[in-house]
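Student: Take a look at the following structure, please.
No value in this document is a laboratory result; all are computed from the given coordinates. Remember, it's a predicted structure, so these values are computed and weren't measured experimentally. Every residue, glycine among them, receives a Cβ derived from its backbone with ideal geometry; neighbour counts consider all protein chains shown.
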Amino acid sequence: MRCLLGFDDAASLGPFADRIVTLGTTAADPRVLLFRRDLPWSPYGRWLRRVAAAYDELAALIAGRRAADPRPDALSILCHARSR
């Protein structure tokens, strides 16, 4: 994740990586797969809110990289790529 997203410190890398791994593992939970109702108390509803929060965090990271100077990580390279 460090070379892909360019996190400089482990303090920000750890929690983000944990959230992404948790999303992957809970996506295969039978309660999430079988009871697909977006209700506040349902496992699927909680999973959807976690996905939305991760998406928002990743979107903010992308916006920050687009505004910043290019760096050597993959996300920065993609954000600053120009077609010829």
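Student: What length, rounded to one decimal in nm, is gained on full extension from residue 41 through to residue 74, with 0.36 nm per residue of separation minus their alpha-carbon distance?
Tutor: Difference between extended and current length: 8.1 nm.
Student: Relative to the longest principal Cα axis of the chain, at what angle does helix 10-27 sit, 0 to 90 degrees, rounded to 10?
Tutor: Value to nearest ten degrees: 40.
Student: The stretch 1-76: which trypsin sites (Lys or Arg not before Pro) are DSSP loop and have at most 16 other beta-carbon atoms within 10 angstrom?
Tutor: Loop-located and lightly packed - 36, 37.
Student: Using the Cα atoms of the chain, I'd like the radius of gyration and the largest Cα-Cα distance, Dmax, both in angstrom.
Tutor: Cα only, the chain: 15.9, 50 Å (Rg, Dmax).
Student: Tally Lys and Arg at +1 and Asp and Glu at -1 over the other residues with C-beta under 13 Å from the C-beta of residue 63: what net charge comes out?
Tutor: Every neighbour counted, the sum reads 0.
Student: I want to check the label-to-label distance for residue 56 and residue 84. Put each point 7 Å from Cα in the C-beta direction and report it in nm to one decimal.
Tutor: 4.1
Student: Could I ask something else about it? For the pair residue 4 and residue 66, what calculated FRET efficiency results from E = 1/(1 + (r/R0)^6), where r is the Cβ-Cβ distance and R0 = 22 Å, to the nearest 0.05?
Tutor: Plugging the Cβ-Cβ distance into 1/(1 + (r/R0)^6) gives 0.85.
Student: Over the stretch 15-84, what is the mean sequence separation of C-alpha contacts under 8 Å (at least six apart), divided by residue count, expressed as relative contact order in percent?
Tutor: It rounds to 18 percent for the stretch 15-84.
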